[in-house]
1. Kindly report the accessible area of the chain per residue (heavy atoms of protein chains, probe 1.4 Å, no ligands, DNA or RNA), in Å².
2. Could you compute Rg(Cα) / (2.2 N^0.38 Å) for the stretch 43-82, with N its residue count?
3. About the Cα centre of the chain, what is the dipole size in debye to 20, counting +1 per Lys and Arg Cβ and -1 per Asp and Glu Cβ, all else neutral?
4. Do the sum for the chain: with -39,500 (n - 2.57) for every DSSP H run of n ≥ 4, divided by all residues, what is the mean residue ellipticity at 222 nm, to the nearest 500 deg cm²/dmol?
5. Enumerate by residue number the GluC sites (Glu not before Pro) in the stretch 67-103 meeting two conditions: DSSP loop (anything except H, G, I, E, B), and at most 13 other Cβ atoms within 10 Å of the site's Cβ.
6. Divide, for the chain, the radius of gyration over alpha carbons by 2.2 N^0.38 Å, where N is the residue count.
7. Just want the answer: with Cβ charges of +1 for Lys and Arg and -1 for Asp and Glu, which residue in Ala144, Thr26, Gly37 is farthest toward the dipole's positive end in the chain?
8. Of Pro6, Asn133, Val187, which is farthest towards the positive pole of the chain's charge dipole, taken about the Cα centre with +1 and -1 on the beta-carbons of Lys, Arg and Asp, Glu respectively?
Amino acid sequence: MYELPPERLGRWLGRWAELHAPVARTVVGAHAVTFHGADGARVRCEPPFPPLDATGEHDGFVPVPLLAHIERERTVGVVLVRLGGFAVGIFEGRMLRASKVGSRLVHGRHRAGGSSANRFARRRGNQAREALNAAAETAVAILAEPARAGALDAAVRGGDRRALEEVFADPRLAGVARLAVERVLDVPEPRRKVLDATPAMFLATRVVPDEPA
């Protein structure tokens, strides 16, 4: 499996088509495009931001629907959360137009027993709630109004899934949640440089070749 950015996908598919020529058919689905070589090989391409506009089956090698889909510039909201840290931004294409990054102290888990451990657990729980509340407030401040106004094409989430669930439980983020794509980015502790690097991930097409035995 490969993760290919928009600028590389067309060339990669061209080489694949030459290797397996002639390409017998192209199947364009809502969430993936599959090319079938006459030699039995096939390659499934899962682009970001489904569904594709035009679906159907075509004779031969027809990459245009896929390439047109991935080359479309979109405005994308990004929310990255790990316990204790968050990064929220709006990208127009690859350009970061608005952002905020923050962190809150959350102590690590305490393994000792007794009343001191209970106090530590309560303190840690309070710290975690404050951190997630800060992430939710930031996401609301940056993304809620653009989502409501139709200025966002999609939303992308990344980081810890449980923390993201708690952040998006905020009813003020319902409009952003409706725009969220299924794929969750695997990112380290949210920092500005991590946020800056997310377009390379959320714009990539997942390519899964299946070669004949």
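The values are calculated or read from the model by the stated rules, or taken from the named source; none is laboratory data. Quick caveat: nothing in here was measured; it's all calculated off a predicted structure. Reconstructed Cβ throughout: ideal geometry from the backbone, glycine too, with neighbour counts over all protein chains shown. These accessible areas exclude ligands, DNA and RNA; they are computed on the full protein's heavy atoms, side chains included. Shrake-Rupley method; radii C 1.70, N 1.55, O 1.52, S 1.80 Å.
1. 54 Å²
2. Cα-based Rg divided by the globular estimate yields 1.51.
3. So the magnitude is around 1420 debye.
4. -10000 deg cm²/dmol
5. Glu73
6. For the chain, the normalised Cα radius of gyration comes out at 1.25.
7. Of Ala144, Thr26, Gly37, it is Ala144.
8. Positive-end residue among those listed: Asn133.
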